[in-house]
1. I'd like to check something: does region A:77-86 contain any residue that is without any contact (Cβ under 8 Å) to a residue 60 or more places away in the chain, open to solvent by 40 Å² or more (accessible area, probe 1.4 Å) and within 10 Å of DNA strand D (Cβ to nearest atom)?
2. Take the residues in region B:197-211 that are of a type in the set (S, T, N, Q) and assigned to a helix (DSSP H, G or I), then tell me which one is farthest from B:Thr242 (Cα to Cα).
3. Go over the candidates B:Thr11, B:Thr16 one by one and state the one that is outside the structural domain of B:Glu82 (by TED's automatic domain parsing), more than 6 Å from DNA strand D (Cβ to nearest atom) and not aromatic (Phe, Trp, Tyr).
4. Please go through region A:179-189 and pick out each residue that is open to solvent by less than 10 Å² (accessible area, probe 1.4 Å) and not in a loop (DSSP other than H, G, I, E, B).
5. Answer yes or no as to whether B:Thr11 is away from DNA strand C (no atom under 16 Å from the Cβ) and either more than 25 Å from A:Tyr107 (Cα to Cα) or open to solvent by 30 Å² or more (accessible area, probe 1.4 Å) (or both).
6. Note down all Cβ pairs under 6 Å where the first residue falls in region A:50-62 and is within 12 Å of DNA strand C (Cβ to nearest atom), the second is part of a helix (DSSP H, G or I), and they're at least six residues apart or on different chains.
7. Assuming B:Ile93 fulfils every condition listed in (1) open to solvent by 40 Å² or more (accessible area, probe 1.4 Å); (2) more than 16 Å from DNA strand C (Cβ to nearest atom); (3) not basic (Lys, Arg) apart from one, which condition is it?
8. Here are some conditions: (1) farther than 22 Å from A:Asn126 by Cα; (2) open to solvent by 40 Å² or more (accessible area, probe 1.4 Å). A:Arg68 meets all but one. Which one does it not meet?
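The values are calculated or read from the model by the stated rules, or taken from the named source; none is laboratory data. If you're wondering where the values come from, they're calculated on a predicted model, not measured in any experiment. Methodologically, a virtual Cβ is constructed for each residue, glycine included, from the backbone with ideal geometry; neighbour enumeration extends over all protein chains shown. To get the accessible areas, we keep the full protein, side chains included, count just its heavy atoms, and leave off ligands, DNA and RNA. Shrake-Rupley method; radii C 1.70, N 1.55, O 1.52, S 1.80 Å.
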Protein chains: 2
Amino acid sequence: MSTIEDVAKLTGLSRTTVSRVINNHPYVSEDKRKLVIEAMNKLGYVPNSSARSLRNQKTDVIALFVPRITNPFFSQLVESTEIAAADHGYQLIICQTRYSPEKELNYMNLLKTKQVDGVILASLQNDWEKIEPFLDYGPIVLCNEFEDRANVPTVKLDQVYGGYIATKHLIEQGHTKIAYCCGGYRSNVAKSREIGFRQALSEHKLSFDERYAFRDAFNIADGKRVFQKMITLPDPPTAVFTGSDEVAAGILSEARKHGYRVPEDLAIVGFDNQAITELMDPMITTVHQPVKEMAQKAVDIIVEKIQSRKYRKKEIYEFPLQLIVRESTVSKKLAKA
Amino acid sequence: MSTIEDVAKLTGLSRTTVSRVINNHPYVSEDKRKLVIEAMNKLGYVPNSSARSLRNQKTDVIALFVPRITNPFFSQLVESTEIAAADHGYQLIICQTRYSPEKELNYMNLLKTKQVDGVILASLQNDWEKIEPFLDYGPIVLCNEFEDRANVPTVKLDQVYGGYIATKHLIEQGHTKIAYCCGGYRSNVAKSREIGFRQALSEHKLSFDERYAFRDAFNIADGKRVFQKMITLPDPPTAVFTGSDEVAAGILSEARKHGYRVPEDLAIVGFDNQAITELMDPMITTVHQPVKEMAQKAVDIIVEKIQSRKYRKKEIYEFPLQLIVRESTVSKKLAKA
DNA sequence: TTTAAATATGAAAACGTTTTCACAAAAATT
DNA sequence: AATTTTTGTGAAAACGTTTTCATATTTAAA
């Protein structure tokens, strides 16, 4: 466990010169530079991160907040963010809030204690007023999730449009009884999708039926549960818009089990364009989200904000969504015709 | 950005006493303690992590190495590890090696630079000789992946047994032409499964057919590709053992597309017991891996080793695997009978 | 009472860097 | 040849903690 002092001693030089070599500063003669590098190799010396962080007042670490990493959308986001961060020389710390405001707030202390240089929030469980004060300690960037009151850079997707095109597509297939099945009361992502959903309905003179609304569906099991509930309704829907491909897959598998034909008896549209949409039979119509691009942008921005130290400003970067039509909404005969 | 010095000044006490309050040391009078806590709240003071790490020679951060986080097996592992680490007061840094030895080696420097207190390797891309020297700088624990030459604690699953029971099950269904389809030449996990696979074969006087062996299948697309290849063989297999549920699902979906009946024309067994196995039609027979327990144990151990500083010792902790029989290997009629 | 032990506090050193400042030598400009 | 500029180097301060040591006071034991 050698220190810079050991290298200095071995070379007969000062800590300063060794430090200059490490950091590629100018004004070090070629022979001393070589001497130092040699000594560093010999000792297996490598600078101590904590000391560096303390002195430089930065850690080169970013925290990424997600609710759960096993949600495929978020694991994709984590993967892309990690790669983008590494490209910028940053390490990524993963914070799983598990939808708990307390956990989220607790993890925010990473910023306060200066363990990370910045935070990317891909999930927001607290009122913004609780998060805001942490801006005193470093930049916060919203990614995917968003919030009107937040005066910070935000990278998001056009969720209203996503809800709109998916619903419009269902309406165009002739459906009038369309269920809405998303997750998250708090999330503005879900809220926006509902706005788009409602917009498509009203544009076609259809009204939103609260009996068809399920707002607590996140995963496969939820999808299954929702299907069970749906079919007990007096006048069950013939189509369902969902907030994730997992929920869609859950509904689809349960529908199949009950002898429902998809899309003939029930049309289903997912969200996220995960691998599973192409595995299911029928393949699931979904909305593609450019996760990689979004993650990349979020990292670019937080890196920039860490450097510029000016991050109390709202800047919105929005990426488009795209409907991917597959078999779960269009009967095969029609599709081929 | 207040420091301990600010708190000291505000209270008229010394840094020492403030530090004692922060760290719950004895011998601080109750009134001073209250005074300090009050001042800390007033200033919004919170101790600086870097300074603490430097002084305490520990960071309370662990690194977890995985090839790719989007692989559901690994995202499950990451989730469980993160939770277990948090329970112990540790933060988790995610390192995606993307199957690259260089990236892996590069990430190992986190240990050398003391940015993390220990490393959990759930993936191993380098020869152990390359990793071994890093033991000078902190504990390394193998988790899931393993290596004979590694003199470190290892938490693993009985992969030989996993390969064995899955294959035996296929043989018991009457299959004699069984394909082997796993990923990773380097990985001992894959090698062990192949040993179990061969063992089951030879116990039933069947011989391993190299033409039926595919050793580069990791994901859904690979599964699809393998199916295509398989059916072009002169005497194609009637069953296939795979190294992951994604590969199995890929094969299954492609088989369906080609009009193959599963399991009648082709029986398929997966590995991991991911959610997808219950979504596919037919549902996929698979091998359950106790990921959570394994992750938990790995964290327990690394935390212990960080404290005890004695970690150059081989200790093997092995968890059992379990065959989950579903429809992709047993025809429905038979299953109900 | 005297002495020993327990309690309470602070000054200063230490953790391992980077940077500021000072200064000297060499090179370039007058 | 005198002066300025560029190049090369080191001592010491700074980053913000925790801990060691010293010391003073209070309490308990003799």
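1. no
2. Taking region B:197-211 and keeping what is of a type in the set (S, T, N, Q), we get B:199, B:202, B:207.
Applying the additional criterion that residues be assigned to a helix (DSSP H, G or I) yields B:199, B:202.
On the way: B:Gln199: 16, B:Ser202: 18 Å.
Looking at residues that are of a type in the set (S, T, N, Q) and assigned to a helix (DSSP H, G or I), I get B:Ser202.
3. Values: B:Thr16 fails: more than 6 Å from DNA strand D (Cβ to nearest atom).
Result: B:Thr11 is the single residue among B:Thr11, B:Thr16 that is outside the structural domain of B:Glu82 (by TED's automatic domain parsing), more than 6 Å from DNA strand D (Cβ to nearest atom) and not aromatic (Phe, Trp, Tyr).
4. A:Ala179, A:Tyr180, A:Cys181
5. Spelling it out, it is not the case that B:Thr11 is away from DNA strand C (no atom under 16 Å from the Cβ) and either more than 25 Å from A:Tyr107 (Cα to Cα) or open to solvent by 30 Å² or more (accessible area, probe 1.4 Å) (or both).
6. Filtered contacts from region A:50-62: A:Ser50/B:Ser50; A:Ser50/B:Ser53; A:Ser50/B:Leu54; A:Ala51/B:Leu54; A:Ser53/B:Ser50; A:Leu54/B:Ser50; A:Leu54/B:Ala51; A:Leu54/B:Leu54.
7. The number of the failed condition is (1).
8. The failed condition is (1).
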